[in-house]
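Here the structure is laid out as structure tokens; the discussion comes afterwards.
The values are calculated or read from the model by the stated rules, or taken from the named source; none is laboratory data. The shown structure was predicted, so the numbers you read here are calculated from the model rather than taken from an experiment. When we count neighbours, we look across all protein chains shown, and the Cβ atoms used for this are built from the backbone with ideal geometry, even at glycine. What goes into the accessible areas is simple: the full protein's heavy atoms, side chains included, and nothing from ligands, DNA or RNA. Shrake-Rupley method; radii C 1.70, N 1.55, O 1.52, S 1.80 Å.
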Amino acid sequence: MDAQVELAEHAFGVYSAGQRASWTYVAGLRARQGLFLGAFADGRPVGAAMIHDLRQWWVGREVPCAGIASVKVAPELRGRGVGRRLMTALLDTVADRGYPLSALFPATMPIYRSLGWELAGGKYQATIPARSLWTLAAPDKDASTAAPAAPAVPEVRRAGPGDAAQIIAIIGRAHQAARDAGALTWDEGPFGQWLARSDLYSYLAGDDGFAAYRWGGDGPHGELFVERVHAGTPASLRDLWSVIASHSSVTRTVTALTSPNDPFWWLTAERDATISKRSMWMLRVVDAPAAIAARGFPPAVAAAVALEINDSARPGNSGSWQLEVADGKGGLTPAASSAARGSTPLALGARGLAALYAGTPVATLRLAGLVAGGTPDADAALDAAFAATPYMVDDF
């Protein structure tokens, strides 16, 4: 492990003592799970990559997802094929482990694109002037025709590593109810370690809300950085944001990881909260039939579209397929060739399939050169079926 840390520091820079301890813990966990791959030259480590066991939410359903992290090659051997051999072996491992999807944050995109990953969604950071949080916007009393009973006030308490399983379940239920796309839930080991950070302040609201934040900058009045807020009810959401808003008298700005459609945007008193940073992440459809079967789709949409997929890195995805979507579920079944059917299928490779899965409009993919063929009616059906705004608040 010391040699792996040394390789990481040559590739990324020197780790602090805390970073070293955190990375070593997670790397050791993944190594014991068979999810840490290494490349060697003359017995010396010259490359490595890690697979995180994640669940990615797609329109109300969780899909097993291999999160690729800590991909590195010794600087003196870059450009000599080590990275490609490593990532090819890693993709095989992901497939062998039965993950339908894989996601990563790229330091550089060409190698990942050449193996079938494509841009799919963003990690969004919002900047909020503290004045916008002094008073949260009140609920609209006209939104209900009946006078509702006063909701029970959820108990807000501090959370810690011992709450990891409960918090993971809360986050999953929130993503499911919101029909989120791209968002993640983790396994307990790394998530519990994150909760144990000494600079992280986390809270539970009853049994359906969770928030975590930390302080940045120098001195006691630094910038507040909100890592995440999840809630299943309006009461829990307001209580958690009220805890965060209580700091508005001691900080000028609050920075929060959020989604473009998070209810937070409708709670601020003013409209001066802005998305100040977006980091794009990439997706790979590893097993096309399994990925389609596991994904959620809009229940009101019904579609039947012919696809012609060419995936040189995962030949099992290649061929003529019939996509069927109905009742919130999808299926991908082998079909006769387009010539035999007399149809004009939408032709796409692994990159186009990943972007389509993530909700990128077909017209966008066609202009980007990622799909060809198809028909206007099929384009509209695919846009309706895969509609999504993918996001993550996690990094790995």
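At 1.4 Å probe size, with the rest of the protein present, what percent of the exposed accessible area of the stretch 178-234 is carbon and sulfur atoms?
Ligands and nucleic acids excluded, carbon and sulfur give 49 percent.
Give the shape of the stretch 160-272 as rounded, prolate or oblate, defined through the alpha-carbon gyration tensor: a ≥ b ≥ c are the square roots of its eigenvalues, a/c under 1.5 means rounded, and otherwise the shape is prolate if a/b is larger than b/c and oblate if not.
oblate
Students often check this: by mean Cβ neighbours within 10 Å, which of 74-82, 185-193, 357-365 ranks highest, and how do the rest follow?
The most tightly packed comes first, giving 357-365, 185-193, 74-82.
Please check: in the Gaussian network model of the chain (C-alpha springs, under 10 Å), which one of 15, 99, 124 has the largest mean-square fluctuation.
It is 15.
When the chain is fully extended, how far beyond the present Cα-Cα distance does residue 389 get from residue 324, taking 0.36 nm per residue of separation?
Contour length minus Cα-Cα distance gives 21.3 nm.
Keeping the other protein chains in place, figure out the carbon and sulfur percent of the accessible area of the stretch 294-334, with a 1.4 Å probe.
Here carbon and sulfur together make up 55 percent of the probe-accessible area.
Considering only DSSP beta bridges with both partners in the stretch 239-396, what is the antiparallel share in %, to the nearest 5?
80
Under a cut-off of 28 Å between alpha-carbon atoms, report the lysines in cross-link reach of residue 329, not counting same-chain residues fewer than 8 places apart.
Output for residue 329: 123.
Give me the Kirkwood hydrodynamic radius of the chain in Å, from all C-alpha pairs, to one decimal place?
22.8
Per-residue counts of other Cβ atoms within 10 Å, averaged by peptide: what ranking do you get for 327-336, 381-390, highest first?
Descending packing order for the listed peptides: 381-390, 327-336.
Run the quick spin-label model on residue 85 and residue 141: label points 7 Å from Cα toward the beta carbon, then report their separation in nm to one decimal.
Taking the two extended label points, one gets 7.2 nm.
Please find, in a Gaussian network model of the chain (springs between Cα atoms separated by less than 10 Å), the residue of 111, 309, 292 whose mean-square fluctuation is greatest.
Answer for the Gaussian network model of the chain: 111.
What does a probe at residue 131 reach in the stretch 252-286, counting residues whose amide N is under 16 Å from the point 7 Å along Cα→Cβ?
252-254, 268-274
Could you provide, to the nearest whole Å², the per residue accessible area of the chain with probe 1.4 Å?
46
Using 1/(1 + (r/R0)^6) with R0 = 45 angstrom and r between the beta carbons of residue 270 and residue 155, what's the FRET efficiency to the nearest 0.05?
For R0 = 45 Å, the calculated efficiency reads 0.90.
Full-extension gain between residue 249 and residue 5, please, as 0.36 nm times their residue separation minus the C-alpha to C-alpha distance.
Between residue 249 and residue 5, full extension yields an extra 83.7 nm.
Report, to the nearest whole %, how much of the accessible area of the stretch 8-152 belongs to carbon and sulfur atoms, 1.4 Å probe, protein only.
Answer for the stretch 8-152: carbon and sulfur cover 54 percent of the accessible area.
Using the per-residue mean of other Cβ atoms lying within 10 Å as a proxy for protection, in what order, highest first, do the peptides 232-244, 248-260 fall?
Per-residue mean Cβ counts within 10 Å order the peptides as 232-244, 248-260.
Normalised by the residues of the chain, what does the relative contact order come to in percent, with Cα pairs under 8 Å and at least six apart?
Reported relative contact order: 20 percent.
Using the Karplus curve 6.51 cos²θ - 1.76 cosθ + 1.60 with θ = phi - 60°, work out ³J(HN,Hα) for each residue of the stretch 29-46 in order, rounded to whole Hz, and write x for Gly and Pro.
Using θ = phi - 60°, the values come out as 4, 5, 5, 5, 8, x, 10, 10, 9, x, 10, 9, 9, 6, x, 9, x, 10 Hz.
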